[in-house]
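Peer 1: My structure is below; once you've seen it, I'll send some questions.
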Amino acid sequence: ATMEDAHTMCANVQIDQPEEDGEPISLEAHSVFCVYDGHGGGMSSKYAGNNFIRILSERSEMKRYAAMPDTGSRGKDDANGIELLKCALRGAFLDL
């Protein structure tokens, strides 16, 4: 038997900004832990494990979410912020 599963562990998500916007945004309060089941073989699960964070950080919803303040009526903890994060995660999985 061979191990065909892969995983992602990222304690502090980094969101790259366009060059003119400067340094990446570090989402220190955000961690991502994923397990990809390689039922059909290891190639797709390894690809997902190696690329999910990059794909997530490139999503426009994630960039907009990262730029929001942490709290408040237009913050990450507001319904709009939570919806942006959900859309970014869903989109990243579909983009894999």
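Peer 1: Relative to the longest principal axis of the C-alpha atoms of the chain, give the angle of the C-alpha long axis of helix 79-95, reported between 0 and 90° and rounded to the nearest 10°.
Peer 2: Between the helix axis and the principal axis of the chain, the angle is about 30 degrees.
Peer 1: Separate question: For G75, which sequence-distant residues (separation of 5 or more, or a different chain) have an amide H within less than 5 Å of its own amide H, given hydrogens modelled in the peptide plane?
Peer 2: The answer is none.
Peer 1: Given the chain, report the % of alpha carbon pairs whose separation exceeds 17 Å.
Peer 2: Value for the chain (Cα pairs over 17 Å): 54 percent.
Peer 1: Same structure again: What FRET efficiency comes out for D5 versus S73 if R0 is 25 angstrom and r is the Cβ-Cβ distance? Round to the nearest 0.05.
Peer 2: It comes out at approximately 0.05.
Peer 1: Which residue, A11, A48, A66, has the most motion in a Gaussian network model of the chain that connects Cα atoms within less than 10 Å?
Peer 2: The residue that fluctuates most here is A11.
Peer 1: A further question follows. Taking Cα pairs under 8 Å and at least six residues apart, what relative contact order does region 1-91 come out at, in percent?
Peer 2: Reported as a whole number, the value is 27 percent.
Peer 1: Using only Cα atoms, tell me the angle between helix 42-58 and the longest principal axis of the chain; keep it within 0 to 90° and round to the nearest 10.
Peer 2: Helix 42-58 sits at roughly 10 degrees to that axis.
Peer 1: Right, next: Quick check for you: with a 1.4 Å probe and neighbouring chains kept, what is the accessible area per residue of the chain, in Å²?
Peer 2: Solvent-accessible surface per residue comes out at 65 Å².
The values are calculated or read from the model by the stated rules, or taken from the named source; none is laboratory data. What you see is a predicted model, and the numbers here were worked out from it, not measured in a lab. All Cβ positions, even for glycine, are placed from backbone atoms using ideal geometry, and neighbour counts span all protein chains on display. Just the protein is used for accessible areas: all its heavy atoms, side chains included, with ligands, DNA and RNA removed. Shrake-Rupley method; radii C 1.70, N 1.55, O 1.52, S 1.80 Å.
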